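Report on the structure given below.
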Amino acid sequence: MAKKLLSEVGLSGLLLAAFALLGVLVLAIIYDQTEDRIKENQRQALLKQLTEIVEEGSYDNALDQSAVLLPADVFAMKDGTKVYLARKQNQAVTAIFLVTTMKGYAGAIDLLVGINKDQTISGVRVVQHKETPGLGDKIEIEKTNWITSFNGKSLSQPSQAHWAVKKDGGEFDQFTGATITPRAVVGMVKKVLDWSQIHFDELFAGKFKKVPVE
């Protein structure tokens, strides 16, 4: 009787272990498939934003496969800064910087900032943020057209003194009840312009490490 009971207990244990193992395998497969899908969705979303920033027909290379990596100290980003390079017949057209400002009201704001060869801004887009809905989230192109106010701007237009929100004596609008968010974005875009004015040609000269295509 005792042996039969032990045998049944052992069989139950084996079945439980088998089901547990099966569950782990199923979860691993689902995770792997989901992770790949998430990565592809993120890649497509990034590519969409990149193509919104660079004028159609102005480049002939694959933007999402053209990134170089700037050192961590350039924009104080731990893993370095990716810059996507748009070329036409292998000539420099636009550099699109994926940068992060930590000065948002709720923390980090990830931005794509496109700088043309003539050092004008081709466009700016918000990739990710945690700003307050209805206030700080007006930096999103889907909410307002505020982010397009950077189009065509440069370090001379507006002048250095006017690269700020209006509350700080600058040219750029702030949002009612939310000045910190646009101030952070304006400051980061200006910082990218300052760096690009000096180093733009280096981006296309092979000085920086290429980012492997995933």
Alpha carbon centroid spacing (whole Å) that separates segment 153-214 from segment 80-132: 9 Å
Computed label-point distance, nm, for sites residue 128 and residue 88 using a 7 Å Cα→Cβ extension: 3.3 nm
Residue with peak Gaussian network fluctuation, the chain [Cα springs, cutoff 10 Å], from 151, 41, 116: 41
Least to most buried among 129, 199 (fewest other Cβ within 10 Å first): 199, 129
Two-site label geometry, residue 201 and residue 154: point separation in nm, points 7 Å out along Cα→Cβ: 1.6 nm
Of 180, 139, 121, the one that fluctuates the most in a GNM where the chain has Cα springs shorter than 10 Å: 180
159, 122, 154, 66 arranged by Cβ crowding within 10 Å, fewest neighbours leading: 159, 154, 66, 122
Net charge dipole size for the chain [Lys, Arg +1 and Asp, Glu -1 on Cβ; Debye, nearest 20]: 380 debye
Fluctuation leader among 189, 127, 74 - the chain, Gaussian network, Cα springs under 10 angstrom: 74
Computed over the chain: relative contact order in percent, which uses C-alpha pairs under 8 Å that are six or more apart: 15 percent
Loop sites in segment 76-179: GluC sites (Glu not before Pro), DSSP, at most 10 other Cβ within 10 Å: 142
Amide H partners (placed H, <5 Å) of residue 66, local residues excluded: 85
Potential extension, residue 162-residue 38 segment - 0.36 nm per residue separation minus Cα distance: 40.6 nm
Sorted by Cβ neighbour density within 10 Å, fewest at the top, the residues 181, 144, 100: 144, 100, 181
Using θ = phi - 60° and Karplus 6.51 cos²θ - 1.76 cosθ + 1.60, couplings along segment 141-158 (whole Hz; Gly, Pro as x): 5, 6, 9, 8, 9, 4, 4, 6, 5, 7, 4, x, 6, 8, 6, 9, 9, x
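Computed from the coordinates by the stated procedures, all read-outs in this text should not be read as laboratory data. Since this is a predicted model, take the numbers as computed values, not measurements. Backbone-built Cβ (ideal geometry, glycine too); neighbour counts: all protein chains shown.
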